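Take a look at the structure set out below.
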Amino acid sequence: MIRFLARRLAGSAVVLLLVSLLTFGLIWLVPGDPTTVLLEASATPEQVGRLRVALGLDKPLPLQMLDWYGRVLSGDLGQSILLNRSVTEALLERLPVTLSIAAISLTLAVMLGVTAGILAALFHNRWPDQIVMSTALFGLSVPDFWLGLVFVVVFALGLGWFPTGGFTPIEQGVMEWARSIALPSLALALTQMGFVARMARASMLDVLNQDFVRTADAKGLSRTYVVLRHGLPNALVPLLTVTGIIAGALLGGTVVIEQVFSIPGVGRLIIGAILSRDFPVIQGGLLFLAVVYLLVNLVVDILYAAVDPRVRLA
Amino acid sequence: MRAADTASARDAASGGAPLLEVVGLTTTLVATGASVLEDIAFTVEAGETLCVVGESGSGKSMLALAIMGLLPPAIRIRRGEIRVHGEDLARLSPAEWRARRGRDLAMIFQEPMTALNPVMRAGAQVAEVLRKRRGMTDDAARGEALRLFERVGIPNARARLSAYPHELSGGLRQRVMIAIALAAEARLLLADEPTTALDVTIQAQILDLLNDLRRERGLGLMLITHDLGVVAEMADRVLVLYAGRMAELAPVAALFDRPMHPYTRALLASIPTSEGPRTRLVAIDGAVPAVGAMPQGCRFRPRCPHADARCEAVPPLVAHEPRHHAACWATAPEDRAS
Ligand SMILES: Nc1ncnc2c1ncn2[C@@H]1O[C@H](COP(=O)(O)OP(=O)(O)OP(=O)(O)O)[C@@H](O)[C@H]1O
Ligand SMILES: [Mg+2]
């Protein structure tokens, strides 16, 4: 078990290193320079030069990178060029917004998706299966931002049940908070739910065909007991991996959906930073998202080992 | 004690009927109606071992699954009776049949690797039968599971209760399967090639165990095997299946001494004579025809050295001696073969 976790941690560290290298390197492949954004077009070359020195952009690339890694490892993601505050501060301030949307849509997608998928498997080729499968196909084929826009038109503009956008912090009222993130969370969840439902159905169908389910049937146990006690735990094992994948997709999804609903989350911060070439924020933000993603998958791995005794040996 | 009580109560209730009596059992593919098993009839008495032999694809597993009520959805019982303790299971609702499984009849499967739930501890897989099927409390079930583990010869039984299947060897897993089959005190035990997946030495141990349990508990054992060596060691009587039909049914000595069906003779001829390793039944040219592609008349006809015009009609199963039946025109007694 310990060895399993140590291996996973080492793997995560390697991924993190690659991601950070990529984040840092990609910036320099992108045309443009923060000084052109920060200064007016009429700025003299001297002004540009001074600013580049101030921002450390004049040093050779490897040195910049070393500087950056040194700071990152001590928890300092640098100073935003535009926002006039530290990147860490800006990220932490927006983190709860993004995390609440991602977590709620993840929970919704997994719980509803798994339930629907398992129902579909139990009623294989009968009407509940067909309803779940066609709904899942719909969810899989519409993009989340489109669904978000439809929700805005129908539930916000049309029915007026929800605000069209913006975010209310939870301190200003739980109901208001819930209403402000309901539509974006739902839009994100629905598009992932189809994927979860299909995987859950396939997994359950596969498990119910296995020999040990027949053994359980040969014991004369009730069908419900066999499905819940023998089928479900085995069907959940591959679904944990799916949850990890979904978590990544949802993190990516929040970036887009925050634009649609003008929600001040990490995604909007990063997109704003990209548009204005606020390099420290871009780097810090991407690195941060990568860390969150790896953490989620580490949790998934731990759950994996908890559910499947065979993994603990591996 | 309890086992004996319920068992004798059942024997009394069934009025001395055999433990298992299969009559005219026919199963077909739902999709095409092609027969998988046709007109199978035999009995298994308490304390008796009936071996079922035949090449791969001859329907041995389907026969066991049909008796358990666990046929795959693609196959259905079309006709016939499956009497256990005198009661025809084939007439019962699925729920009633399920209630008989475990209690009246139990099954051991071929693959101990896949037949146990990989994410459940071995002891729990026995204990759940005791709790759900015999109404034991958790504590009582744990104690009884330990006793069963010890009875089926699992060394270090207490520790093995909390082992997961992947932590056990194939032989130990099969012992766990046997413990599961014993747990609800069924008198009829169906074993589908229980030793095929195991090492030779382990095979012998498992067969000894089954034999001891049969004697000790008066079990009726229907043992499916590829291995005529196993038949010679274990069987009281033998049922030879070919392509879903009965080829021959006879006491073991009569079958080995005077095989009446050309297929049985071919099987016997395929046993290696020297002290070589036991081999699968492969020494006959050709293969069992597939379901839905059966030849007219005798199904062994295309592979049979004695086939003639009569064999285009289905040969009836006729008695050569009081308990020795075979289905072949060529060897049938004169008065029946006309
Ligand atoms: N799920 C299924 N659906 C349709 N046909 C099946 C199914 N399972 C088995 N059959 C067919 O039933 C026939 C009998 O198969 P069965 O498994 O009983 O053979 P067997 O004698 O047990 O062979 P083996 O020695 O290989 O275990 C075969 O022709 C097989 O193709
Ligand atoms: Mg078989």
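The values are calculated or read from the model by the stated rules, or taken from the named source; none is laboratory data. Predicted model only: the values in this text are computed from it and were never measured. Reconstructed Cβ throughout: ideal geometry from the backbone, glycine too, with neighbour counts over all protein chains shown. All accessible areas refer to the heavy atoms of the entire protein, side chains included, with ligands and DNA or RNA removed. Shrake-Rupley method; radii C 1.70, N 1.55, O 1.52, S 1.80 Å.
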Rounded to whole angstrom, the alpha-carbon centroid of the range A:236-295 lies from that of the range A:76-123 at a distance of 7 Å
Computed over the Cα atoms of chain A, the Rg and Dmax in Å are 23.7, 87
Semi-axes in Å, largest first, for the range A:41-119 (Cα gyration tensor, √(5λ)) are 43, 16, 12
Along principal axes, largest first, the alpha-carbon spread of the range B:109-209 in whole Å comes out as 38, 29, 21
Listed by chain and number, the aspartates and glutamates with an alpha carbon less than 19 angstrom from that of B:Lys132, same-chain partners under 8 positions apart left out, are A:Asp217, B:Glu96, B:Asp104, B:Glu144, B:Glu185
Once the dipole of the range A:183-314 is set up from charges on Cβ (+1 Lys and Arg, -1 Asp and Glu), the residue from the list A:Pro184, A:Ile270, A:Thr241 lying farthest towards its positive end is A:Thr241
Expressed in angstrom and rounded, the centroid-to-centroid distance over alpha carbons for the range B:84-131 and the range A:148-186 is 53 Å
Under a 1.4 Å probe, counting only protein heavy atoms, B:Asp236 has an accessible area in Å², nearest 10, of 70 Å²
Output field shielding_mean for B:117-129 (other chain Cβ, 10 Å radius) holds 4
Of all trypsin sites (Lys or Arg not before Pro) in the range A:194-234, the ones in DSSP coil with at most 11 other Cβ atoms within 10 Å are none
Scan of chain B for trypsin sites (Lys or Arg not before Pro) in DSSP loops with at most 14 other beta-carbon atoms within 10 Å gives a longest site-free stretch of B:1-277
Once B:Asp208 and B:Asp236 are pulled to full extension, the length gained, defined as 0.36 nm per residue separation minus their Cα-Cα distance, is 8.6 nm
For the pair B:Ser93 and A:Leu73, the simple spin-label estimate (label points 7 Å beyond Cα toward Cβ) gives in nm 7.2 nm
For A:Thr135, the accessible surface traced by a 1.4 Å probe with all protein chains present amounts, in square angstrom to the nearest 10, to 90 Å²
The distance between the Cα centres of the range B:46-82 and the range A:189-230, in whole Å, is 26 Å
In units of 2.2 N^0.38 Å, the Cα radius of gyration of the protein assembly as shown is 1.34
Restricting to Cα pairs under 8 Å and 6 or more apart, the percent relative contact order of chain B works out to 20 percent
With every protein chain in place, the accessible area of A:Asp58 for a 1.4 Å probe, in Å² rounded to the nearest 10, comes to 80 Å²
Here the FRET efficiency for A:Phe123 versus A:Val150, based on Cβ atoms and R0 = 22 Å and rounded to 0.05, is 0.15
Ranking B:His325, B:Phe300, B:Gly153 by how far each Cα lies towards the positive end of the charge dipole of chain B (+1 on Lys and Arg Cβ, -1 on Asp and Glu Cβ), the top one is B:Gly153
Expressed as a whole number, the average count of other chain Cβ atoms within 10 Å around the Cβ atoms of A:207-213 is 4
Here, B:Arg79 and A:Leu18, labelled 7 Å along Cα→Cβ, have an inter-label distance in nm of 6.5 nm
On the formula 1/(1 + (r/R0)^6), with r taken between the Cβ atoms of A:Val53 and A:Asp211 and R0 of 60 Å, the FRET efficiency rounded to 0.05 is 0.25
antiparallel share of DSSP beta bridges within the protein assembly as shown, to nearest 5, in %, is 60 percent
Computed about the Cα centre, the charge dipole of the range B:73-136 from +1 Lys/Arg and -1 Asp/Glu charges at the Cβ has a magnitude in debye, to the nearest 20, of 160 debye
Length gained, B:Ala309-B:Arg323, 0.36 nm per residue minus C-alpha separation, equals 2.2 nm
The farthest towards the positive end of the charge dipole of the protein assembly as shown, of the residues A:Met175, A:Asn84, A:Leu298, given +1 on Cβ of Lys and Arg and -1 on Cβ of Asp and Glu, is A:Met175
With every protein chain kept in place and a 1.4 Å probe, the residues A:Trp161, A:Trp127, A:Trp68, A:Trp177 fall, from largest accessible area down, as A:Trp127, A:Trp161, A:Trp177, A:Trp68
Counting every C-alpha pair in chain B, the percent lying more than 29 Å apart is 40 percent
In deg cm²/dmol, rounded to the nearest 500, the helical mean residue ellipticity at 222 nm of chain B, built from -39500 (n - 2.57) for every DSSP H run of length 4 or more, is -10000 deg cm²/dmol
A chain fully extended from A:Ile271 to A:Glu46 at 0.36 nm per residue, minus the present Cα-Cα distance, gains in nm 78.0 nm
